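Taken together, the values in this text are just the output of simple stated rules run on the coordinates, not laboratory data. Bear in mind the structure is a predicted one, so any value in this text is a computation, not a measurement. Cβ: placed from backbone, ideal geometry, glycine included. Neighbour counts: every protein chain shown.
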Amino acid sequence: MAAYVIAQVHVTDGDKFKEYMKKTPETIARHGGRYLARGGETVMLEGDMNAERVVLIEFPSLQNAREWYASEEYQRIKTLRAGAATASIIAVDGYMP
């Protein structure tokens, strides 16, 4: 069953964050993931969420998403985000009727 990683990101240093953005897609692809949304325009429809930048990534399974996030390769790249952005990231199983 597909799973999704959802990230809410607040960028504090755009130039530094660009380096993180360049290196992350390859790690996602190695774990079977693909971007569904990556920082496009957001519109608040209800509630109170500070979502300046939203990223949605689909993985073949929750296990793939966990393995990507825990991978040594991504953990090294994640350090590029430090000082460039803050983020809240969750992984959720897809819907199965």
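Taking 0.36 nm per residue of separation and subtracting the Cα-Cα distance, what length does fully extending residue 75 through residue 96 add?
4.5 nm
Any idea what the dipole of the chain comes to, in debye rounded to 20, about its Cα centre with Lys/Arg Cβ at +1 and Asp/Glu Cβ at -1?
Here the size comes out at about 360 debye.
Across all directions of projection, what mean area in square nanometres is found for the Cα convex hull of the chain?
6.6
In deg cm²/dmol, rounded to 500, what helix-only [θ] at 222 nm does the chain give when every DSSP H run of at least 4 residues adds -39500 (n - 2.57) and the total is split over its residues?
Result for the chain, helices only: -10500 deg cm²/dmol.
Is any residue of the range 27-46 close enough, with backbone N under 19 Å, to a label point placed 7 angstrom from the Cα of residue 61 along the Cα-Cβ axis, and if so, which?
Of the residues in the range 27-46, 28-34 have backbone N under 19 Å from the label point off residue 61.
With θ set to phi - 60°, apply the Karplus curve 6.51 cos²θ - 1.76 cosθ + 1.60 along the range 90-95 and write out the HN-Hα couplings as whole Hz, x wherever there is a Gly or Pro.
Once rounded to whole Hz, the list reads 10, 10, 9, 5, x, 7.
What does the charge dipole of the range 1-41 about its Cα centre add up to, to the nearest 20 debye, if the Cβ of each Lys and Arg holds +1 and the Cβ of each Asp and Glu holds -1?
Dipole size: approximately 180 debye.
Report the gain in length on full extension from residue 44 to residue 29: 0.36 nm times residue separation, minus Cα-Cα distance, nm rounded to one decimal.
Values: separation 15, 0.36 × 15 = 5.40 nm, distance 2.93 nm.
My answer for the length gained is 2.5 nm.
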